[in-house]
Amino acid sequence: MNVITFGPGAYDLPSPDPLRLTQWLGKKTESKFIKLIDIKKLDGGALHENWICRYLFGDGLFKGEQEFVLRMAPLNKLPQSLTLNQEYELLQFLNERDISVPRVFFLVPPSTISDNEVLLMQALKGTTRANMDYSSAIDAVSYTQLRAHETRGNLVCRRLREKKRGGGGG
């Protein structure tokens, strides 16, 4: 028997539904025990709605406590916006090249846990741009930096070009 429990914030979530999300995630990760500990909407984001959720897994693909970011497909898209499928492919591509970006776990089709497509990815700890110390160079690339350097026809990442040339600066 699968055990599903919810923590604070679960019913503040308009979409995806916490029960559908937890049931789907339990099946996808083959977990017989899964508990949604906490979920909250993240501030910011121009078009996409982003949520952070913390789960406790008893077994399956993940064990113990895990944090995920749910990135919802926007209702209104700009012509230059990537689809969640394109974002998923871009993040996988960068991960395969050891660029420090969130690991993507699942691209959830519409009507599975939400009316729209959902990208489920790793939650990374870090600092906001306002609090960042620019005096030391870092190799981590923020998702905003990636999005700022894309073009409609092809995805161009300035940081990838700089890394290839041997430079690491911002």
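The label point for residue 85 and the one for residue 61, both projected 7 Å from the Cα toward the Cβ, are 1.9 nm apart. Annotation: amide H-H contacts under 5 Å for residue 42 (H modelled 1.01 Å from N, sequence separation of 5 or more, or interchain): 50, 51, 52.
First measure r as the distance between the Cβ atoms of residue 28 and residue 100, then evaluate 1/(1 + (r/R0)^6) with R0 = 35 Å and state the FRET efficiency to the nearest 0.05.
Working: r = 25 Å, r/R0 = 0.72.
Efficiency, rounded to the nearest 0.05: 0.90.
Bear in mind that the values in this text are calculations on the coordinates, not laboratory data. Here the structure is a predicted model, which is why all the values come from computation and not from measurement. Heads up, the Cβs are rebuilt from the backbone with ideal geometry, glycines too, and the neighbour counts pull from every protein chain shown.
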